[in-house]
1. HN-Hα J couplings of segment 274-289 from phi, Karplus 6.51/-1.76/1.60, θ = phi - 60°, integer Hz, Gly and Pro as x?
2. Just checking my list [x] 32, 30, 22; [y] 32, 26, 21; [z] 49, 21, 20 against semi-axes √(5λ) of the Cα gyration tensor in Å computed from this structure; which label fits?
3. Provide the gained length on full extension for the span LEU55 to LEU199, in nm with one decimal, where the gain is 0.36 nm per separating residue minus the Cα-Cα distance.
4. What ranking do 427-439, 382-394 get when scored by the average of other Cβ atoms within 10 Å per residue, highest first?
5. Would you mind ranking ASP38, ASP287, ASP108 by Cβ crowding within 10 Å, fewest neighbours first?
6. Report ³J(HN,Hα) in whole Hz for each residue of segment 188-202, in order, from the Karplus equation J = 6.51 cos²θ - 1.76 cosθ + 1.60 where θ = phi - 60°; Gly and Pro get x.
7. Fewest Cβ neighbours within 10 Å first, please rank PHE295, PHE69, PHE263 accordingly.
Amino acid sequence: MLKKLLSHSLIYGLSPQIGTVAGVFALPLITQYLTAFDYGVWGIITAYSGGLQALATLGLSVVLHNTFFKMPKQYKWMWRQIYGFLILWSIPYALLLCVLLYWVVPSDVGGNKFLLIGLVILPIVLFGPTSILGPFYYQLNQKPLPIAVRNIVFGLLTVGLQIYTISHLRLGYMGWAWSGFIVNVLLNFSYWYIVNFKLGYTPIFNFKWKSIRQALKISLPTIPHYYAYYILESSDKVMMERLKVPIAQLGEYNLASRFGNYFSAFVNAANKAIGPMMLKTYQEKNDEATKNIVFMFQIILLYLSFSYSIWSKEVFSILIKNDALKTIYPLSIIMVMAYNYRPMYIGVSNKLFYVEKTNLLWQISFVAGVLNVLLNLICIPIWGFEAAAYTTFASLMYMGYAGFFIKKINIHTSTKLYPAFWFCITILLTFVAYQAVEMNLTVKIILSIFTTLTAVVSLQFLNRK
């Protein structure tokens, strides 16, 4: 189990990280041509566009997952109907996103406003949900390589285009926009051919409304759940903009949050490997295997996040060539350590998805998002923009552990995952990392060796069970 978990997680996790790592090493090349204003403008665009992301599929991904496992001989017919429905839905969705971006893009961008909006909208209009069905097929069949190849190729292409457009053409925030547009078009086209011709998932536009209504009955309650991810990961920037935080400070926060986003990307990629494995253990009613998967995931995340955190000062010193931006590494520690919520969270949420109790998810995820907004409204005016990192940490901890203490949810998740123990470990390691980052190299090396040995021994023990 450990071998499969690690191999698939590494493929899903490392393949996008190749582009990410290349992007990190590209920072010295591009940060000297970027200002806090550039980071602020692009942060606002990504934050608000992310605000509608939960509506892109209307939550129908849960139906795609479940029909694949519960209707192995008929899922293709259902997928084609959902495909056709989502292509039609992509038109009003794109119009809604267009109006939102027109309203929020700062007037300081001048004549670039319409071009910015067009670069974000066009890939959605041209390809719709194509890039959702393709990855789902490979992921659920536990074939990570086709996804990994695309992650590597288009990740490196993204970095190359950003270096060219920002460092050479000096386009600033427009460099991100052009790079994203080109890569999204090419990536979507690569899946469009596979989905429509090789796999034969051509869309059915004359779909049965009864089937779609039944699917929406399951999927629509998940929209608050998916929207919560936006609230937790992006609304902090929106709140700062609404609270009139100077755009330079918003840019500083946006850079710090990028390191959290790098770790979040790895967590999401690893979850692609873990999801099908957990669904299989649910089919087999093997609670022990489920528990081991969650524990392995938790140990791996704690080790990686703690290791980054204690060395974050050195990482910023090497990669960030802007003196005004390289001192914000303490914020990145809080943001990175926050993502240790995920293993405990999927221990609850994956089971709710499988038993189709999606109407209960909002009590975990959406409440966590609302909590984050309220805490930001209270804390940012008092303690400044840095407070947003701590409010996000607190909200993600709620999201990770609340499901174990809500009775209506807990009755559907019988696996004993010892949430109190893992919560205490996460808080302890966060505190230690925050203190150790300022210590000398000898202490950091000793900590790194100790945590590596602990992680290896723990994983080997779980693998033998």
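Quick note: the coordinates plus some simple rules give every number you see, no bench work behind them. Keep in mind it's a predicted model, so treat the numbers as computed, not measured. Neighbour counts run over all protein chains shown; Cβ positions are idealised from the backbone, glycine included.
1. Once θ is set to phi - 60°, the couplings for segment 274-289 become 6, x, x, 5, 5, 4, 5, 5, 5, 4, 7, 6, 9, 5, 5, 5 Hz.
2. Working out semi-axes √(5λ) of the Cα gyration tensor in Å from the coordinates points to [x].
3. Numbers: separation 144, 0.36 × 144 = 51.84 nm, distance 2.59 nm.
Extending this stretch completely gives an extra 49.3 nm.
4. On the way: 427-439: 15.8, 382-394: 18.6.
Result, highest mean first: 382-394, 427-439.
5. On the way: ASP38 22, ASP287 15, ASP108 11.
Lowest count first: ASP108, ASP287, ASP38.
6. 4, 5, 5, 7, 4, 5, 4, 5, 7, 10, 6, 8, x, 8, 5
7. Values: PHE295 20, PHE69 15, PHE263 24.
Taking fewest neighbouring Cβ atoms as first place, the list is PHE69, PHE295, PHE263.
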